[in-house]
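Contents: one structure, followed by commentary.
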Amino acid sequence: MTTGSMSVTPALAAQASQPRGDGGFEGVGRAHGKVILTGEHAVVYGQPAIAVPLSGVELTATVRADGRGMLTSSPFRGSIEDAPASLEPVVTALRGTADLIGMPVAGLSLTIDGDVPMGRGLGSSAAVATAVVRSVVDLGAHRGLRVPDAADSPLADGAPTADPGGRGPADRALHALVQQSEAIAHGRSSGLDPYAVAADGPILYSGSRPTPLRLAADLGLVVADSGSHGSTAQAVGGVRTLMADDPLPTRARIEALGQITEHAVQILAGRGTRAELGHELNRAHVLLQELGVSTPELDSLAAAAVEAGADGAKLTGSGLGGCVVALVNSAESAHAVGKALTTAGAARVWTSILAATPDGSRESRQEEAS
Ligand code: MEV
């Protein structure tokens, strides 16, 4: 078991470029994983959703102008020109950002290191795209290259990185690049993940806009990886087919998932109990089962978490594989639930305790047991 204690990644944290031995610079960008507490799939149809950062589960992109044009990542190592189609979203983010800031793309080499597992509903594709965009912006800042229209963005004061989830025109341009990369990776998407992997705390995503969510009490979550890969495009496509074939009940389930998010917002703000929130997570899991995106593995992990004392549990992200998230009320409960999930077959388990912070400064503790 590895144990760590850390703060949630600040969205606009300075990510200083590292001078290299040859006098050149490398640009560095980071992003973290995310967990959807409520609202996945429904958010594709305009319903609200809640996402929280899985900080400590992070990705780093490093870009250097070394003239070699190499891509180094866990699925592929070689010339960027020869990257497989599955890495097109990454190459698009690299080229799109370089084009935007006027940096020649030929000869840029990119390295991606990280800990956000792919295809597990934890936002890996958005995290990679965000880290890549940030790394290129960071490198560009050292060459005096700026994102255009930076008048009211964090870039205007010379900050070397930008938040793709921010509000200024430059941030919107960077956010659009991450969205473009996501569209290649997943097809139709709600736009939630690019904000969630860049946010420094829980967010409510509603009307295509993220807003920070206040927590009136600590929020304890245990996330377990079923170990199987889920395809977001396939899961979203399955729900779309269901909506076309059987619109009335499907629409009712999507709306019920939206109402669960609305209730969860009230509970997280202190107008409800943890037991009620757990009940809503259990309801959400059943609705997602009915939408056809759960699997026997996800069902048994969710059941094992509740059996071990979690207040509630559900699949998180697109489903058809991937992860479950369970609500716990203490570190002891997190430990017991994590153990039960490992016994039930989870490949990895993370615990995330987001501390209540009425004053707005949030902290989280992360712990991984494998
Ligand atoms: C993916 O993390 C969540 C889904 O709702 C898809 C989306 O929001 O684009 C399944």
Exercise for the section: Taking the options ALA340, ALA305, ALA269, ALA336, name whichever one is without any contact (Cβ under 8 Å) to a residue 60 or more places away in the chain and within 23 Å of the chain's Cα centre (by Cα). Expected result: ALA269
Exercise for the section: Would you check which residues across the stretch 37-63 are aliphatic (A, V, I, L, M) and away from the ligand (no atom under 11 Å from the Cβ) and list them? Expected result: LEU37, ILE50, VAL52, LEU54, VAL57, LEU59, ALA61, VAL63
Practice task
Output the residue which, of all residues in the stretch 180-211 that are part of a loop (DSSP other than H, G, I, E, B) and within 12 Å of the ligand (Cβ to nearest atom), is surrounded by the most Cβ atoms within 10 Å (Cβ to Cβ).
Solution key: VAL197
Problem - Top-ranked residue of the stretch 221-264 - restricted to ones that are in a loop (DSSP other than H, G, I, E, B) and in contact (Cβ under 8 Å) with a residue 40 or more places away in the chain, ranked as farthest from the ligand (Cβ to nearest atom) - result: GLY227
Handout entry: Hits in the stretch 212-235 (condition: surrounded by fewer than 21 Cβ atoms within 10 Å (Cβ to Cβ) and not aliphatic (A, V, I, L, M))
Key = PRO212, ARG214, ASP218, GLY227, SER228, HIS229, SER231, GLN234
Fill in the blank from the handout: Of (1) of a type outside the set (S, T, N, Q); (2) more than 23 Å from ARG188 (Cβ to Cβ); (3) part of a loop (DSSP other than H, G, I, E, B), VAL306 satisfies every one except (3)
Exercise for the section: Inspect all residues belonging to the stretch 289-296 and state whether any of them is assigned to a helix (DSSP H, G or I), free of Cβ contacts under 8 Å to residues at least 24 places away in the same chain and within 16 Å of the ligand (Cβ to nearest atom). Expected result: yes
Handout entry: Given (1) of a type outside the set (Asp, Glu); (2) surrounded by 19 or more Cβ atoms within 10 Å (Cβ to Cβ); (3) without any contact (Cβ under 8 Å) to a residue 40 or more places away in the chain; (4) part of a helix (DSSP H, G or I), index of the condition ALA313 fails
Key = (4)
Fill in the blank from the handout: Turns out the strands (runs of 3 or more DSSP E) fully within the stretch 45-107 with at least 2 residues that are touching a helix residue (DSSP H, G or I) at 6+ places or on another chain (Cβ under 9 Å) and either surrounded by fewer than 22 Cβ atoms within 10 Å (Cβ to Cβ) or at pLDDT below 95 (or both) are 49-65
Fill in the blank from the handout: Filtering the stretch 266-278 for residues that are part of a helix (DSSP H, G or I) and surrounded by fewer than 17 Cβ atoms within 10 Å (Cβ to Cβ) leaves a count of 3
Practice task
Name the residue, out of ALA346, ALA334, that is assigned to a helix (DSSP H, G or I) and modelled with pLDDT of 95 or more.
Solution key: ALA334
Exercise for the section: Check whether at least one residue in the stretch 134-146 is under 30 Å from HIS41 (Cβ atoms), charged (D, E, K, R), under 23 Å from the mean Cα position of the chain (by Cα) and not in a helix (DSSP H, G or I), and report yes or no. Expected result: no
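The values are calculated or read from the model by the stated rules, or taken from the named source; none is laboratory data. Predicted model only: the values in this text are computed from it and were never measured. Here Cβ is always computed from backbone atoms with ideal geometry, including for glycine, and neighbour counts include all displayed protein chains.
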